[in-house]
Amino acid sequence: TQHPHGRSWVGRVKALIEADLGLVDQARASAQESLAYAKAATNEFFTITALGSLGRVELALGNHQAASGYLSELPRRLHVGGIDDPTIPLWADAIEALTALGELEQAGAYLARYDENARRLGSPWAVAAAERCRGLLTAKQGSDPAGAVSAIERSLAVLEGCSYPFERG
């Protein structure tokens, strides 16, 4: 883990865990460390994931504008780089932040790609996150409250028998 790539990866994962545990200062420090290593190595993927970790911290705090500042372009950057892995949390985080800010067209475009890749991969967490995002987006659009509730219920159903307490929450 002393190699910059390893340090960048560890910092990014550590930041995600710390953010989910509410350790805000530690999460920011870990993500910033990850970002510094990623930039030093000129590694676009690790730069994107470190920025995603910083966005997740802001999203967890309800700072949607700050979260979107980090997250809004990251799914596009991943896609351009040929990385459509739906298990990277920043996809769902970006969709949630954009939805909260009313950027529904962009959130919908990301959700379409994210949902397709989540189902292709068959990751229960990614499929559940896509359904959660669909529920949030549908609710924000305001025209189909029953559809929004149904999407959230599908998200929870996908998680039956899985151990993803933060997604379930």
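Residues of segment 59-68 being open to solvent by 30 Å² or more (accessible area, probe 1.4 Å), touching a residue at least 12 places away in the same chain (Cβ under 8 Å) and in a helix (DSSP H, G or I), which ones? Give the steps one after another, and end with the answer.
First pass over segment 59-68, keeping only residues open to solvent by 30 Å² or more (accessible area, probe 1.4 Å): 60-66.
Subsequent filtering for residues that are touching a residue at least 12 places away in the same chain (Cβ under 8 Å) retains 60-61, 64-65.
Answer for segment 59-68, where residues must be open to solvent by 30 Å² or more (accessible area, probe 1.4 Å), touching a residue at least 12 places away in the same chain (Cβ under 8 Å) and in a helix (DSSP H, G or I): 60, 64, 65.
Would you confirm whether or not segment 34-42 contains a residue that is within 21 Å of residue 131 (Cβ to Cβ), of a type in the set (Phe, Trp, Tyr) and in contact (Cβ under 8 Å) with a residue 24 or more places away in the chain? Give the derivation first.
So the first thing to find is which residues in segment 34-42 are within 21 Å of residue 131 (Cβ to Cβ), and the list is none.
No, there is no match, as no residue in segment 34-42 is within 21 Å of residue 131 (Cβ to Cβ), of a type in the set (Phe, Trp, Tyr) and in contact (Cβ under 8 Å) with a residue 24 or more places away in the chain.
Scan segment 140-153 for residues that are under 20 Å from residue 169 (Cα atoms) and open to solvent by less than 60 Å² (accessible area, probe 1.4 Å) and jot them down.
Across segment 140-153, the qualifying residues are 147, 148, 150, 151.
Hey, does segment 97-112 have a residue that's assigned to a helix (DSSP H, G or I), touching a residue at least 40 places away in the same chain (Cβ under 8 Å) and under 12 Å from the mean Cα position of the chain (by Cα)? Break it down stepwise before answering.
Going residue by residue through segment 97-112, those that are assigned to a helix (DSSP H, G or I) are 97-100, 104-112.
Of the ones still in play, those that are also touching a residue at least 40 places away in the same chain (Cβ under 8 Å) are 97, 99-100.
Those left that are additionally under 12 Å from the mean Cα position of the chain (by Cα): 97.
Yes, segment 97-112 contains a residue that is assigned to a helix (DSSP H, G or I), touching a residue at least 40 places away in the same chain (Cβ under 8 Å) and under 12 Å from the mean Cα position of the chain (by Cα).
Looking at 61, 74, can you tell me which residue is hydrophobic (A, V, I, L, M, F, W, C), modelled with pLDDT of 95 or more and on the phi < 0 side of the Ramachandran plot?
Working: 61 fails: modelled with pLDDT of 95 or more.
Answer to the selection: 74.
Just give me the residues in segment 34-58 being open to solvent by less than 60 Å² (accessible area, probe 1.4 Å) and acidic (Asp, Glu), in sequence order.
The answer is 58, and nothing else.
State whether one or more residues within segment 22-33 are free of Cβ contacts under 8 Å to residues at least 24 places away in the same chain, closer than 21 Å to residue 78 by Cβ and either open to solvent by less than 70 Å² (accessible area, probe 1.4 Å) or of a type in the set (Phe, Trp, Tyr) (or both).
First, pick out the residues of segment 22-33 that are free of Cβ contacts under 8 Å to residues at least 24 places away in the same chain: 23, 25-26, 29-30, 32.
Imposing the further condition that a residue be closer than 21 Å to residue 78 by Cβ reduces the set to 30, 32.
When the remaining residues are screened for being either open to solvent by less than 70 Å² (accessible area, probe 1.4 Å) or of a type in the set (Phe, Trp, Tyr) (or both), the result is 30.
Scanning segment 22-33, I find at least one residue that is free of Cβ contacts under 8 Å to residues at least 24 places away in the same chain, closer than 21 Å to residue 78 by Cβ and either open to solvent by less than 70 Å² (accessible area, probe 1.4 Å) or of a type in the set (Phe, Trp, Tyr) (or both), so the answer is yes.
Scan segment 41-51 and tell me whether some residue there is assigned to a helix (DSSP H, G or I), at pLDDT below 95 and farther than 19 Å from residue 19 by Cβ.
yes
So if I check each of 53, 68, which one is more than 17 Å from residue 154 (Cβ to Cβ), of a type in the set (Ser, Thr, Tyr) and in contact with a Lys or Arg (Cβ under 6 Å, 6 or more places away or on another chain)?
Numbers: 68 fails: in contact with a Lys or Arg (Cβ under 6 Å, 6 or more places away or on another chain).
Within the list 53, 68, the selection yields 53.
Taking segment 154-169 on its own, how many of its residues are surrounded by 12 or more Cβ atoms within 10 Å (Cβ to Cβ) and farther than 15 Å from residue 92 by Cα?
The number of residues fulfilling the criteria is 5.
Would you confirm whether any residue within segment 72-95 is farther than 24 Å from residue 18 by Cβ, open to solvent by 60 Å² or more (accessible area, probe 1.4 Å) and outside any helix (DSSP H, G or I)?
From segment 72-95, those farther than 24 Å from residue 18 by Cβ are 76, 79-82, 84; that's our starting set.
Subset that is open to solvent by 60 Å² or more (accessible area, probe 1.4 Å): 76, 79-80, 82.
Adding the requirement that they be outside any helix (DSSP H, G or I) leaves 82.
Among the residues of segment 72-95, at least one is farther than 24 Å from residue 18 by Cβ, open to solvent by 60 Å² or more (accessible area, probe 1.4 Å) and outside any helix (DSSP H, G or I), which makes the answer yes.
Determine the pairs where a residue that is at pLDDT 90 or above, located within segment 2-16, has a partner that is of a type outside the set (A, V, I, L, M, F, W, C) and not in a helix (DSSP H, G or I) with Cβ atoms under 6 Å apart, the partner being 6 or more residues away or on another chain.
Qualifying pairs under 6 Å: 10/1.
The values are calculated or read from the model by the stated rules, or taken from the named source; none is laboratory data. Computed from a prediction, not measured in an experiment: that's the story for all the values here. FYI the Cβ positions are ideal-geometry reconstructions off the backbone, even for glycines, and counts take in every protein chain you see. Areas reflect the complete protein model, heavy atoms only, side chains present, ligands, DNA and RNA absent. Shrake-Rupley method; radii C 1.70, N 1.55, O 1.52, S 1.80 Å.
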